[in-house]
Amino acid sequence: MPVARVPQCMVFKPFRLAGGRGRFATVKSLSVACIVAVAVGAAPPVVVCAQGDAAAPAVGPSWLQVDTVTKTVTFQLVAGLTGLNGALNFNGFRDGGLTLTVPIGWSVVMHFRNHDGMLPHSAEVIADTHPLPTGPVAPAFARAFTLRLEQGLISEQTDDLRFIADRGGSYLIFCGVPGHGAAGMWVRLEVSGSVHRPSLAATPAGKP
Ligand SMILES: [Cu+2]
């Protein structure tokens, strides 16, 4: 029996029909059970992951490029890469479950792409604050935000964030579309004076 490898909870996408809170509730309820049904033939396999929202996906080896000569780190930042959290995720991570660490003083380029076929998304680097903002706020670094922060960029649109990480501290990479960030669409940026090389790692998810 052919069993295709399905990215985590990608199958939630077809269920994302209703908007807002109702859609989120649907995803949560579906993730309670673990149902694996493999259809033989033309139909794609359907996999509903147990604890789909909690299982950490792998960090992609191509997401980070490091140029030690120019001290530039380039990060492929993908909104809605998977169906996790109703696609309210970056690179398949939510609620700070992914952390980009950058040495202080380095140049940061984030190539933003919206992979979500349904909802617009945006991204900005903001201060690590709580409660989380309900919409766009002032970015923590100049040019550390995408176009159309509030409206979001539609499916497969791209934009770059380019800034110099000239102040150490903890920051959030946050979707500015109202409600998205507060619903978990954020990951972390650490600007550190004690590391010499950028890194990207899965980190414990939780409220800032
Ligand atoms: Cu969003």
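The values are calculated or read from the model by the stated rules, or taken from the named source; none is laboratory data. Everything numeric here is computed off the predicted structure, so don't read it as measured data. Using ideal geometry, Cβ is built from the backbone for each residue, glycine included, and neighbour counts are taken over all protein chains shown.
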| Taking the stated definitions as given, is ALA205 in contact with a strand residue (DSSP E or B) (Cβ under 6 Å, 6 or more places away or on another chain) and not basic (Lys, Arg)? | no
| query | Can you name every residue in region 166-208 that is exposed (fewer than 15 other Cβ atoms within 10 Å of the Cβ), part of a loop (DSSP other than H, G, I, E, B) and of a type in the set (A, V, I, L, M)? | reply | VAL195
| query | Restricting the search to region 59-81, which residues are free of Cβ contacts under 8 Å to residues at least 12 places away in the same chain and loosely packed, with under 13 Cβ neighbours inside 10 Å? | reply | PRO61, VAL69
| field | Subset of region 118-129 [near the ligand (Cβ under 8 Å from one of its atoms) and either over 13 Å from ASN89 (Cβ atoms) or polar (S, T, N, Q) (or both)] | value | PRO120, SER122
| field | Long-range neighbours under 7 Å by Cβ, at least six apart or interchain, first residue under 21 Å from VAL191 (Cα atoms) within region 120-138, second modelled with pLDDT under 95 and not acidic (Asp, Glu) | value | ASP128/PRO208; THR129/PRO208; HIS130/LYS207; HIS130/PRO208; LEU132/PRO208
| Residues located in region 139-160, provided they are closer than 20 Å to GLY86 by Cβ and in a strand (DSSP E or B) | LEU153
| message | Filter region 94-107 down to the residues that are touching a residue at least 60 places away in the same chain (Cβ under 8 Å) and away from the ligand (no atom under 13 Å from the Cβ) and list them by number. | response | ASP95, GLY96, GLY97, LEU98, THR99, LEU100, THR101, VAL102, PRO103, ILE104, GLY105, TRP106
| Considering region 63-98 alone, what residues qualify as being more than 21 Å from PRO120 (Cβ to Cβ) and touching a Lys or Arg at 6+ places or on another chain (Cβ under 6 Å)? | GLY96
| (1) more than 23 Å from GLY206 (Cβ to Cβ); (2) more than 16 Å from the ligand (Cβ to nearest atom); (3) surrounded by fewer than 20 Cβ atoms within 10 Å (Cβ to Cβ): which one isn't true of HIS115, the others all being true? | (2)
| request: Go through region 118-136 residue by residue and tally those that are small (Gly, Ala, Ser) and surrounded by fewer than 16 Cβ atoms within 10 Å (Cβ to Cβ). | output: 2
| message | Name the single residue that is nearest to the ligand (Cβ to nearest atom) among those in region 146-158 being surrounded by fewer than 17 Cβ atoms within 10 Å (Cβ to Cβ) and of a type in the set (D, E, K, R). | response | GLU150
